[in-house]
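Read the figures in this text as sums done on the coordinates, not as results from a lab. Keep in mind it's a predicted model, so treat the numbers as computed, not measured. Every residue, glycine among them, receives a Cβ derived from its backbone with ideal geometry; neighbour counts consider all protein chains shown.
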C-alpha cells in the first residue's frame with residue numbers, strides 16, 4: 001500500500017494526531033496488504049472490538065478478534081471484492 005499523500009489536512013496535525021494517523025496506516029497495511037493477523041492485532045488496544053454492522057460480524061477482545069481476522073477468514077477471503085478508498 002502506498003504511503004498516504006501529504007495534504008494540507010495532515011500537514012497541520014499535532015504529534016499525537018500524526019502518530020494516530022501513522023498507526024491507522026500501519027493497521028490498514030497489515031489488514032489489507034500483508035494480511036497478517038498478528039501484526040494487525042498488534043496495532044489495536046487489548047480490549048478492542050470490531051463491529052461490522054452490514055454483515056453482523058466482528059468480535060470483542062484479542063481472542064475473538066484473532067478468530068475474526070483469521071479463522072473466520074476476514075483477512076484471507078474475498079480479496080478481489082474489497083478495496084479501501086479515502087473519503
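May I ask you to derive the relative contact order of the range 14-78, considering only C-alpha pairs under 8 Å and at least 6 residues apart, and to give it as an integer percent?
Reported as a whole number, the value is 24 percent.
For 43, 34, 14, what ranking results if the residue with the fewest other Cβ atoms within 10 Å of its Cβ goes first?
Placing the least packed residue first, the sequence is 14, 34, 43.
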